[in-house]
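The values are calculated or read from the model by the stated rules, or taken from the named source; none is laboratory data. Here the structure is a predicted model, which means the values were calculated and not measured. Here Cβ is always computed from backbone atoms with ideal geometry, including for glycine, and neighbour counts include all displayed protein chains. Heavy atoms of the whole protein, side chains included, go into the accessibility calculation; ligands, DNA and RNA do not. Shrake-Rupley method; radii C 1.70, N 1.55, O 1.52, S 1.80 Å.
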Amino acid sequence: MRDSDILSKLKYNRLIPVLICIATVVGTLVLWQLLSARVHEEVEHMVSLKTASVKDDILDNVEFRINALVRMAKRFELKKQPDRREWEADAGLYYEHDRNYRAIAWIDPSFTARWVVPAGADLTELNLIVTPKSPARETLVGAKGSRRVHLSGMLRLPDGKTGFIAAVPLFSGFGDGFNGFIAASFESQGFFHNILAAQREANDYSIEIYREGKLAYSSDTGASLRPFSHEADLELYGAVWLIKVWPGTEYLRRVDSSLPEAVLATGLLTSVILSLAIYFAQVSIIKERDLAAANFKLKGEMAERESAERKGARLTRLYSVLSMVNEAIVRIRGPQELYERVCRIAVEEGEFVMTWAGLLDPGETEIRPVAHAGREEGYLETARITVADTPRGRGPTGSAIREGRYFVCNDFASDERVGPWRDDALLRGYRSSASFPLLVRGRVAGALTLYSGEPDFFDSEQIQLLTALSADLSFAMESIDADIQRRRAEEELKEYREQLEEAVEARTRELKDLNEKLSFEVTVRRGAEGAIAQMNSLLEKRADELEAVNKELEAFTYSASHDLQEPLRVVSGYVQLLEKRYRGKLDKDAEEFISFAVDGVRRMQRLINDLLSYSRIGKIKEFGIVDCEDVLKGALADLKALIDETGATVTHSPLPVLAADYSQMVHLFMNLMGNSIKYRSSAPPLIRISAERKGAEWLFAFRDNGIGIDPRYFGRIFEIFQRLHGKGAHSGSGIGLSICKKVVENHGGRIWVESQPNEGATFYFTIPMKEEDHEGE
């Protein structure tokens, strides 16, 4: 029935308004009671949920910072007390990242604070806190005795504020091995104020935290009434904290209903009661809508709570992974075993679908998997991941190694960077992944990659923990590498020591034998010194005699050659006179005899001239700087007529400047070129001259296209008066190449020939380099 129909009926029945009024009042009172009870139940439930949420936030945040101190203590224990600057740099990173620490310090075994971060912190403040009569001293003693982390009770800090400290005992090796504590101080009001900031955003609740009856934190210091207050105990590292949560007045005002006042007003006037009943019915409907909205909000908060619980579970698993990895780092000293153990821990404890570790070998671009765990199923065999900037190098693993920082893929189904592996990854249940670089001695040596079965799995907190895990693993890899190098050095040193001892023993034996031999040789040498002195005297006398004989022989050769020239010229003149005067008057035999005589005289003159030239090629007393280009020009000038007559062509590569005798070098070049022209083939002579540096000497080559030389005669051609052809075939005295050999030997070099008949010949000779050569260059 419509509302207008009801109102029209009310006009005709006056009892109906009364009945409606009574029914409305009764119904309103009943409804008011039900709504009030329901609101109270909802408020109590919300306060209970809020208390649990606050408790979890405190637990997560305190454990997060305690775990950071534990990791810092593990690195301290591994290094058996690191360098102070290294420790301050490590602690400084944690302090800069999280300013909730008031200070972080190393307290030595005598319970005295020695090192502190930040740099401006006062050690006196910490030492005042841990005085023998302070409750903080009991906390340190308890941590040492139990070898566990301890939290102190509430302490009065030097600046008048209240706070507490957390102490992590340091032990290394076997036995006591006590190295003090890694301790952090916290100012309680500021610490809880920061970690509970999200809980206070709506300003709907007030929170107080107590430790041993002492107030550690209050979000509403002026509160007097605390309706619906809820309490919960939180036990952390041997300390029990009491948490109190109650709703604020604004929140109660929003959920409180004004329905009772409206119901009371219904008895004043009947007409007003009906209007007010209708009005309040509307108000009731609105309240129900608000309540539905509140329920919807509550469901959303519950969903957020479930998400936070899942997130907390993930973080708890990651803390467990980090702790177990650190234990493995301390226990395992083999790199391969450590990689495999870390991968298994990540899959078994962290519940990742698959985890693998890969290394990048020096000089390579493809990443080599070294260990994996979980649902791999041949994925890595076909992945072929590289660090090059190609499609197979732009995924998380390749990018992490190439750029030296972590990379995350939030969803394999939509991320374009994982295109080459998308189908295989989705088939194995991989939905997201993160890769973290592993650094050894400042170089990215590889990466640790983890795969989750959920998209958007990796948030900032998990990335922070996994970054710490990769840093710890990098530190372990660097430590293991240092141990391996140290052991290798020790083995090499041991081997070297053994070899040195053997060498010393062998050398001792050799010296002993040598001493015995030397004793014998000294005896023999003393007897021989007299004979040697006498022999040296005889040799010096003999050398002087030989030098005089050589000078006389050179003088005789020159004189004989010169004296022989005069009668030869006379004979030659008369024979040529006979030839001119009686030409055509004598018979053919007489003319032939005269021709033979003239030819014999000419050959005898040539032989005497060559012999004279050979005798003049003596020892070189002093070398000068000679440019071989000038030597070649001089030799070509002397041979110009012969070259023009035969049509010979001479080419050459750049020739050096060296220390030599200029006139002898001209003889050498001229005789070698003359020899090539003399023994030419039917083609015009072609001579190619080259020189190149070979170590400490210059190598010269004279190549021609002549008739060549049979290898059987290579040894004879440089002997004096040795000829391979009859005098009718080629003219010559057989001295030219002997002169070449003598010139080369005077310069300390060698000369030889390479040839085959009818294939031309190549004459090689060397000139050793001297200090003057470098000056000439």
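Figures for the structure shown
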item	result
Spin-label pair PHE178/ALA292, simplified geometry with 7 Å Cα→Cβ offset, distance in nm	6.8 nm
Förster radius 30 Å - calculated FRET efficiency between MET535 and ALA696, Cβ distance, rounded to 0.05	0.30
ARG405-SER110 FRET efficiency (beta carbon distance; Förster radius 45 Å; 0.05 resolution)	0.60
Computed label-point distance, nm, for sites LYS640 and GLU492 using a 7 Å Cα→Cβ extension	7.0 nm
Accessible surface, per residue, of the stretch 66-218 when the full set of protein chains is kept, probe 1.4 Å, Å²	45 Å²
Candidates per trypsin sites (Lys or Arg not before Pro) in the stretch 61-92, loop by DSSP, up to 16 other Cβ within 10 Å	LYS79, LYS80
Calculated FRET efficiency for the pair ASP220/THR131, C-beta based, R₀ 25 Å, to 0.05	0.15
Environment charge of MET324, counting only residues whose C-beta is closer than 10 Å and scoring Lys/Arg +1, Asp/Glu -1	-1
Distance between modelled label sites at THR249 and THR382, nm, 7 Å Cα→Cβ extension	7.0 nm
Cα-centred dipole magnitude for the stretch 676-723, charges only on beta-carbon of K, R (+1) and D, E (-1), debye, nearest 20	100 debye
Net length gained if the chain between SER479 and GLN81 were fully extended (0.36 nm per residue, minus Cα distance)	141.8 nm
Dipole magnitude of the stretch 110-199 about its Cα centre (Cβ charges: Lys, Arg +1; Asp, Glu -1), debye to nearest 20	240 debye
Filtered GluC sites (Glu not before Pro), the stretch 294-379: DSSP coil and at most 16 other beta carbons within 10 Å	GLU351, GLU364, GLU377
Cα centroid of the stretch 471-495 to Cα centroid of the stretch 498-535, whole Å	47 Å
Charge context of ARG486, other residues only, Cβ under 12 angstrom, K/R +1, D/E -1	-2
Euclidean distance of C-alpha centroids, the stretch 395-428 and the stretch 325-390, integer Å	15 Å
